[in-house]
Amino acid sequence: MSEQRVFQIQLEGLIRLLAQNLYADPDVFLREMIQNAHDSVTRRAELARDRAEGAPPAPRISVEVDRAAQEIRIADNGCGLTDAEIDAYLSTIGRSGTNELRERIVAADRNRTVELIGQFGIGLLSAFIVADRVSVVTRAAGHEALRWESDGGREYSVRPGHRENIGTTVILHVRPEHTRYLDSVRIKHIVRTYADFIGVPVYVNDDAQPANAVTAPWHRTYAAEHDRFAAHRDLWDRRFADETALHVVVVDEPFSFPDAEAPGGERTGRIRGVLAVTDRHTPDVNARGTVDVYISRMFVGAANRDVLPAWARFMQGVLECNELTPNAARDSVRHNAALVAVRRTLGDLIVRELTQLSENSHRSFTEIMRWHAHHLLAMAVQPEHERFFRAVADLAVLETDQGPMAVGHYLRTAERRSDGVRIIHYITEEASAKQYMLLAGARGVRVFDCTEAFAERFLKKYAETWPERARLNRLDEAGAEALFEPLDAGEAARFTPLERAYAAMFADRSVTARASRFEPAALPAVLTETREGKRRREMDVLAADAAMPAAIRDIVQDFLAEADEPLILHLNAANPIIRKLAARPSLDDEVGRSALQSLYNNALMLLARTLPADAVHTMFTQSSQVIDLMLGLAEQVAQGSYAEPADAVPAPRQATYLSCSVTLPEGEPRSEEIFAAVRSVLEAKPYYWQVLRADSPSADPDLPPDLDAPPAHAALNVAVFAGPRLNQGLVNEVSISQILGQPQLILCDEGHPALPASFADVPQQTVHGLGAVLRKGVRSGLAEHPEVNRVRAYERYLSPSVLAWCAGLEESVGEAVSRRYPTWSEFQEADSADVARAVDIDVALVEAAKSGLRLLAEED
Amino acid sequence: MPRESARRAIDLLIGESSDLNAADRSVQALAVAERAVLAAWRLGDADLLVRALATQASAQRLLGENSAAMVSYIEVVKLAKDPRNADALADPSAVRAIGRPSNSIRPSTGPGSSAATYAD
């Protein structure tokens, strides 16, 4: 048998204990007082409505700071309290008059919503955070004024009071340790923080203007949409003054969520406010997007991390949602079905907004991408954001060996297979990234750096979605074969002794040497590892982990005991040292062995693999020997007895001429005419520039990688807009160049549709006609461009068209000459016989070309 | 953490077996898959066990060991049907592994493959 018993409460001290421990921030005492005042004026209006009385006076709340009396007085012209209500609500902890009023209104009319804030009936407790005694002077309509007093103990007193008008004044007798609140500036700040949008003006002391804004932008009506946007934007800018909004979104979203007590099992609500993509970098994986939350006009908490989806780390804003439920301290929101629905609704809104932005304003979206690429990629790879992925796929910016680059831009200049599919090269391992970027960069192959999470997933999703556009090649996992050119049988035989020497050195077959040709020629040897090899290396580490269960370790070690996957040591047939080594009669002497070991060790380090201790010792010894040799050579040079080896690798030539990169819409014949006009102007007097199509490979295979990349390194980028439609790919290119701050000129054919307004700051020239007319328009646009007119020292580029003009050389011959001797001076200084031999023409033709160039130079 | 390193090691074994299968090295693939099955079974991890069994079955099938492949597939289906494994098998890679048998158990023109063999 059990019996029901009742909890006993020792009220003495409990009120103060609750007040001082419930709230984290003592400032909230004023929020609670103002909120009670707000509910009181709302209640008065409701009662007047119920009783069909005339409209009550305009709501007003005042806060008076009285330093002399050590009091803060909060007064309202609300409905006041009767004697019975004082006992029922003011003096009963946990009973909320506001809640009861809310329920009564809803019971009478489900369609009516009244913004009442109070909920728990504990707000008055907060007065005891700062006060040792609280007095309430109140007068309800048709009743005498009453004065209630409590010191937070078990008892309170009620006696007749004095108050002329209907309403309530709460008097806080401030404790000595909280006199900092007897400061009107501090009080105004608290009012603005917690009650800015409460809907009732809050006056502090004798101020003529309220301390709060009274209403939020989303509570006002506007004559025009741009006024509404401006008001929301202004709020965001003022609230987050230390940050910059990259894109602002006005929020006014309906949503629904399950509620078993609601008719139909579902409730509806609305989220209002303003969100923005910030310029705040959030590298911390635990970082979240944050919002300042309001519920029923009252501020609940700043920087709430739970309202936005986890991936929306780049968003920040201010939101009001009356369907969210505050916790008892009202500094956060409860995790419930409404919060889940709000988060989902906001996620949909953000995706929708960014999708539209990517479609309508490439420039803005690309800029956002540059700030938040990581988070946007994370979002795009989620299956539920398929539309977003498809919209932004080409605009997504990933890191490459040459800086950030949009995927679409990469593809336009990427290697194309015979079936038209472009190859995307990428790496995922940070440690070996430098090796692969060095190898690929030397061949003019750009590489996406996917060491950041989500980048590889994004590329994979791209290739799966559009297999006809792109195919992936992961360089650091058995994908680097394309970088190594096989040798023909005759040449390969020259390196067989070298391969055999390595086979002898690595009798355990852990390394297999293979000769091939790769760039840069200065690199003698590199190591690559297969996927299997990588996997075994990781398993080695795992098997060595003491925490690994023995039963599993046995199996792993059993597997690892089998033959290992060898590392491949690629020997560069283009490298003079490798050639010399291969030509040696024997590699089995000390010099030969040291050289082989040294080349291997260097390759191992380039792959970012740890060297064994004995290898480190060998390297230091060899390094000392090399330094000694260098010192000896320096002495020989000083004595004039040193001759440079014939096959030393030439230093990379620096480009000393200027080039212009031209981006054209594909398959548009008119753009070809304009391109030809650009060439005829810039390749000729007085400019003598190189003109390249943006998607063409470099004309000079010897150029170092950082110059082998039009349009990123061109002195000027020209975009040609021609044809009946606006080419979106071209728009993207221009937008990206704008953001990168590259010099640009737009040549727009007459009759072409209008260009985006965002291009207003890019120099533009409208062209028309053919032949001389077209060239005149192009020349005019170029002549007015500041970058073309900039004074600087540069050499004249030797273009095929100049060679055709000087000596009637055919285009293909001119191109061959130009590739070997890209500047006038290099051509003039070269031996004519060498030139003739190199490009397979008569020496007389070379002489004629040189003579023609000299005449041209004299004319200039 | 010990479980995590063990899981990762088994995951690597499964990856190794799949790659060997793809490279037409099914004998080696089967040897690695058998180790993965044993390790996953010892660890008591349904997700890994399903994936290891599916990889083992693929290797067996490529080697023409269809009866053995059938046994492996049946093990996969049994594991998938066991309600105790519902949570563990929610992982997409496990779901794919479970889905594979239904695609694989069909008449094939490959060596040693026939509907009759599967009906044995």
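The values are calculated or read from the model by the stated rules, or taken from the named source; none is laboratory data. Model, not experiment: these values are computed from the prediction. All Cβ positions, glycine included, derive from the backbone under ideal geometry; neighbour counts span all protein chains shown. Areas reflect the complete protein model, heavy atoms only, side chains present, ligands, DNA and RNA absent. Shrake-Rupley method; radii C 1.70, N 1.55, O 1.52, S 1.80 Å.
Assorted remarks:
- Looking across A:ASP834, A:ASP761, one residue alone is outside any helix (DSSP H, G or I) and of a type in the set (D, E, K, R). It is A:ASP761.
- Cβ pairs under 8 Å, 6+ apart, first in the range A:170-187 and within 24 Å of A:LEU90 (Cα to Cα), second polar (S, T, N, Q): A:VAL170/A:ASN36; A:VAL170/A:SER135; A:ILE171/A:SER135; A:HIS173/A:GLN70; A:HIS173/A:SER135; A:VAL174/A:GLN70
- For the range B:3-19, filtered to residues that are among the aliphatic types (A, V, I, L, M) and facing another protein chain (nearest Cβ under 8 Å), the residue that is nearest to B:LEU63 (Cα to Cα) is B:LEU13.
- Taking the criterion of being open to solvent by less than 50 Å² (accessible area, probe 1.4 Å), part of a helix (DSSP H, G or I) and either outside the structural domain of A:ALA501 (by TED's automatic domain parsing) or of a type in the set (A, V, I, L, M) (or both), the residues of the range A:554-599 that qualify are A:ILE555, A:VAL556, A:PHE559, A:LEU560, A:ILE578, A:LEU581, A:ALA582, A:ALA595, A:LEU596, A:LEU599.
- Of the criteria (1) over 30 Å from B:ALA31 (Cα atoms); (2) within 14 Å of another protein chain (Cβ to nearest Cβ), which one A:VAL541 fails: (1)
- Test result for B:ASP47, part of a loop (DSSP other than H, G, I, E, B) and not β-branched (Val, Ile, Thr): no
- Qualifying positions in the range B:53-70 - open to solvent by less than 40 Å² (accessible area, probe 1.4 Å) and either over 9 Å from the mean Cα position of the chain (by Cα) or of a type outside the set (Ser, Thr, Tyr) (or both): B:LEU53, B:ALA54, B:GLN56, B:ALA57, B:ALA59, B:GLN60, B:GLY64, B:ASN66, B:ALA68, B:ALA69, B:MET70
- Consider the range A:347-397 and keep the residues that are in contact with a strand residue (DSSP E or B) (Cβ under 6 Å, 6 or more places away or on another chain) and free of Cβ contacts under 8 Å to residues at least 60 places away in the same chain. The one that is farthest from A:LEU459 (Cα to Cα) is A:MET369.
- Within the range B:26-51, the set of residues being within 16 Å of B:GLU65 (Cβ to Cβ), facing chain A (nearest Cβ under 10 Å) and more than 12 Å from the chain's Cα centre (by Cα) comprises B:GLN28, B:ALA31.
- Considering A:LEU560, A:LEU596, A:LEU587, the condition of being within 46 Å of the chain's Cα centre (by Cα), within 30 Å of A:ALA492 (Cβ to Cβ) and either at pLDDT 80 or above or of a type in the set (A, V, I, L, M, F, W, C) (or both) is satisfied by A:LEU596 alone.
- Single residue of A:ALA507, A:ALA547, A:ALA521, A:ALA551 found to be facing another protein chain (nearest Cβ under 9 Å), assigned to a loop (DSSP other than H, G, I, E, B) and either of a type outside the set (Val, Ile, Thr) or touching a Leu at 6+ places or on another chain (Cβ under 9 Å) (or both): A:ALA547
- Positions within the range A:317-343 being assigned to a strand (DSSP E or B) and either touching a helix residue (DSSP H, G or I) at 6+ places or on another chain (Cβ under 9 Å) or open to solvent by 30 Å² or more (accessible area, probe 1.4 Å) (or both), in sequence order: A:GLY317, A:VAL318, A:LEU319, A:GLU320, A:VAL333
- As a summary of the residue check, A:ILE190 satisfies the conditions (1) outside any helix (DSSP H, G or I); (2) outside the structural domain of A:THR345 (by TED's automatic domain parsing) except for the one numbered (1).
- Single unsatisfied condition, A:ALA303 versus (1) on the phi > 0 side of the Ramachandran plot; (2) buried (at least 21 other Cβ atoms within 10 Å of the Cβ): (2)
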